[in-house]
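The values are calculated or read from the model by the stated rules, or taken from the named source; none is laboratory data. Treat the numbers as computed from the prediction; the structure is a model and nothing was measured. Because the Cβ atoms are built from the backbone with ideal geometry, glycine has one as well, and the counts that use them run over all protein chains shown.
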Amino acid sequence: MTITPALPLPTRTDVAIVGAGPTGLALAVTLAEAGVDFVLLDRQAEGANTSRAAVVHARTLEVFDELDPSGALSAELIGRGLPVSRFRIREGARPVATLSFDGLRGRTAHPYALMVPQYETEAVLLARLRALGGEVHRPYEVTGVTQDADGVTLTTAGGETLRADRAVGADGMHSAVRGAAGISFTGASYGESFVLADVAMDWAPGPHEVSLTFGPVGPTVVAPLPDGRYRVVATVAEAPATPDLPFVQELLDRVAPGQATVRALAWSSRFRIHHRVADRYRAGRLLLAGDAAHVHSPAGGQGMNTGIQDAYALGRALATDALDGYEAARRPVALRVVALTDRMTRFSTTRNPALRLVRNAGLRLLAGVPALHDRAAAELAELNHR
């Protein structure tokens, strides 16, 4: 079946943005606020309706406040989400350490992690974009990107062309823009499978914390969602492409016996993860942001947040003709996030009994020393990336 695009693609713009996920939408909103002409295009006929990323951190909410100083943008998202201020680490049912965001009061207006499905974040950004007169052009798959001394030409699978002064790849790990720019994506992949599922269940720790549970086969994160469901992210040696309810129940029984009774499965997926950072964020008139520039473990929920913050920084740089500072500001952040999430992943997946004892003792120390505790909370909240 041929899908007819809802909007014809313009032939000319200042900035072409490829990819209308959270990063592309945030960049479009930033440019629209600044009065910069842009075209935002995406290969999908409609936005995703699965939750994927499920946490918005304090720094990202601050970015929303900076985009809309009235506070309406962040308030709309907060109204759709569930603020959670406690992150608890367990070994089975036994608590090991607790990290609280309450100590961030005074440093941010948002001392919590906002649990909210990614499609809600995208919906809030899209509504703001439309209020500013913008729109997403769908479905346009970019199959060719060439640049010359005067601009960039994008070619779509349908044969349309778009001429722009600059093009931004916000098109994910397999970025067409990054490929056209010839920018290497340095890193590697993890051997384990990761299971992601949104479930309705009875969960003993309850909906007021994010739980990281160390188990015999690897770590499992259970995070509350605003509709009474829970997000489950678990490391397993192998998993089916679409994990079913019995698989998720068995997984939780092994990691946290007697803690969970899964009643319904809303959505599930299996994926493998990489830790990679683009060698450069810019090649001439081509620029990268979000997953096109960096991918990493979901540990800590850093990915979408870092991408939105990339977008905001890049949008301001484009609006003020200060592109030379974009890579210098944002690539070190990506390297830091990738290093942090890699340590968290390897730390939590160790099966060596001695290392597990050392790990747990270290976590108790970190949680018990106020200065270390607050520093760790600020790092997770991405407040150190301002």
Original post:
Can you name the residue in the range 85-101 that is assigned to a strand (DSSP E or B) and of a type in the set (S, T, N, Q) and is also modelled with the lowest pLDDT among such residues?
Top reply: THR98
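For every residue, the table says whether it meets (1) outside the structural domain of LEU314 (by TED's automatic domain parsing); (2) more than 25 Å from TRP267 (Cα to Cα).
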{"site": "ASP65", "(1), (2)": "yes, yes"}
{"site": "SER85", "(1), (2)": "yes, yes"}
{"site": "ARG105", "(1), (2)": "yes, yes"}
{"site": "LEU126", "(1), (2)": "no, no"}
{"site": "HIS137", "(1), (2)": "no, yes"}
{"site": "MET173", "(1), (2)": "no, no"}
Original post:
Which one is surrounded by the most Cβ atoms within 10 Å (Cβ to Cβ) among residues in the range 230-270 that are in a strand (DSSP E or B) and over 22 Å from the mean Cα position of the chain (by Cα)?
Top reply: ALA260
Original post:
Looking at PRO257, PRO219, PRO224, PRO246, which one is modelled with pLDDT of 95 or more, under 21 Å from ILE89 (Cβ atoms), outside the structural domain of VAL152 (by TED's automatic domain parsing) and not hydroxyl-bearing (Ser, Thr, Tyr)?
Top reply: PRO224
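Conditions (1) more than 28 Å from ARG282 (Cβ to Cβ); (2) of a type in the set (D, E, K, R); (3) modelled with pLDDT of 95 or more, marked per residue:
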site	(1), (2), (3)
LEU114	yes, no, yes
GLN118	no, no, no
VAL136	no, no, yes
ASP148	no, yes, yes
THR155	no, no, yes
Subject >> strands (runs of 3 or more DSSP E) within the range 102-217 that include 2 or more residues at negative phi, surrounded by fewer than 18 Cβ atoms within 10 Å (Cβ to Cβ) and not aromatic (Phe, Trp, Tyr) >> reply: 142-147, 152-156, 161-169, 185-189, 193-203
Original post:
Going by the conditions given, is ASP310 farther than 17 Å from GLU382 by Cβ, assigned by TED's automatic domain parsing to the domain that holds ASP150 and either of a type in the set (A, V, I, L, M, F, W, C) or in contact with a Phe, Trp or Tyr (Cβ under 9 Å, 6 or more places away or on another chain) (or both)?
Top reply: no
**OP:** Restrict the check to the range 147-165 and report whether at least one residue is in contact (Cβ under 8 Å) with a residue 24 or more places away in the chain, within 26 Å of ALA54 (Cα to Cα) and not small (Gly, Ala, Ser).
**Re:** no
Subject >> Residues of the range 351-369 classified as surrounded by fewer than 12 Cβ atoms within 10 Å (Cβ to Cβ) and under 28 Å from the mean Cα position of the chain (by Cα), total >> reply: 1
Subject >> Test set (1) surrounded by 20 or more Cβ atoms within 10 Å (Cβ to Cβ); (2) at pLDDT 95 or above - MET304 fails condition number >> reply: (2)
